[in-house]
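What follows is a short report on a single structure.
The values are calculated or read from the model by the stated rules, or taken from the named source; none is laboratory data. Just so it is clear, the model here is predicted, and its values are computed rather than measured. Neighbour counts run over all protein chains shown; Cβ positions are idealised from the backbone, glycine included. Please note that ligands, DNA and RNA were not included when accessible areas were found on the heavy atoms of the full protein model with its side chains. Shrake-Rupley method; radii C 1.70, N 1.55, O 1.52, S 1.80 Å.
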Amino acid sequence: MPPEIPILNPEGARELVLIVDDEPEIAEFASTILAEEGYKVIIARDGFEALKIFQQIHREIGLIILDFFLPVMDGDAVFEELKAINPGVDVVLSSGFAEQNKIGAMLAQGLRGFIPKPYTREKLLEQVRSTLDAPRRPDPLMLPIDVGNSEPRALSDGGERPQTDGAAHDASAGPWHQFSCSSRGTAWLASTLF
């Protein structure tokens, strides 16, 4: 690990989490909670700092918690750059307000979850752990045929409500990784969660 990158709880037994937030009180709140739970934590105050860190140590970062509204470069632009460096990057968006169409586009590109601000200790820890433990999403244009068959098929273009893995969706219960849907489906999904 480069010495110029300060890590909170560097000896932690859990994954390394990069928090990207320009609000010091929120970044400190989240980093303290995660460090107390055994995570190693790095804080970036803007998108450029986050990208610089990610370029250097992206293989070591388990999850990024990304604020949507950042100075100079908003979260959606940072997300695109992160995906360019590592298409498999795990990112959870965090915001008090974000445009649904931009979130829908981010979902279609592989956004792993959303945690609305202000969040509680419990909600933060639940979102982080469930995202890290979740299997990787399949291609967003593919859906499983049914729960018992993992063979993918293309989503119909009928604009229908997206299919899920068979479980009822409770927006307060967890991450979006249960779903995989087309851009129409992401718009539907985002509208059900906000």
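A few notes on this one:
- Residues in segment 12-41 that are under 17 Å from the mean Cα position of the chain (by Cα), of a type in the set (A, V, I, L, M, F, W, C) and outside any helix (DSSP H, G or I): Leu16, Val17, Leu18, Ile19, Val20, Val41.
- Applying the criterion of being assigned to a loop (DSSP other than H, G, I, E, B) and open to solvent by less than 80 Å² (accessible area, probe 1.4 Å) to the residues of segment 1-11, the residue that is farthest from Leu125 (Cα to Cα) is Pro2.
- When Ala108 is tested against (1) of a type in the set (A, V, I, L, M, F, W, C); (2) modelled with pLDDT of 95 or more; (3) open to solvent by 30 Å² or more (accessible area, probe 1.4 Å), exactly one condition is not met: (2).
- Near pairs, Cβ below 7 angstrom, 6+ apart or cross-chain, from segment 35-60 (open to solvent by 10 Å² or more (accessible area, probe 1.4 Å)) to any residue that is in a helix (DSSP H, G or I) and not hydrophobic (A, V, I, L, M, F, W, C): Ile43/Ser31; Leu51/Glu81
- Qualifying residue in segment 121-131 (condition: at pLDDT below 95, open to solvent by less than 10 Å² (accessible area, probe 1.4 Å), outside any loop (DSSP other than H, G, I, E, B) and not polar (S, T, N, Q)): no
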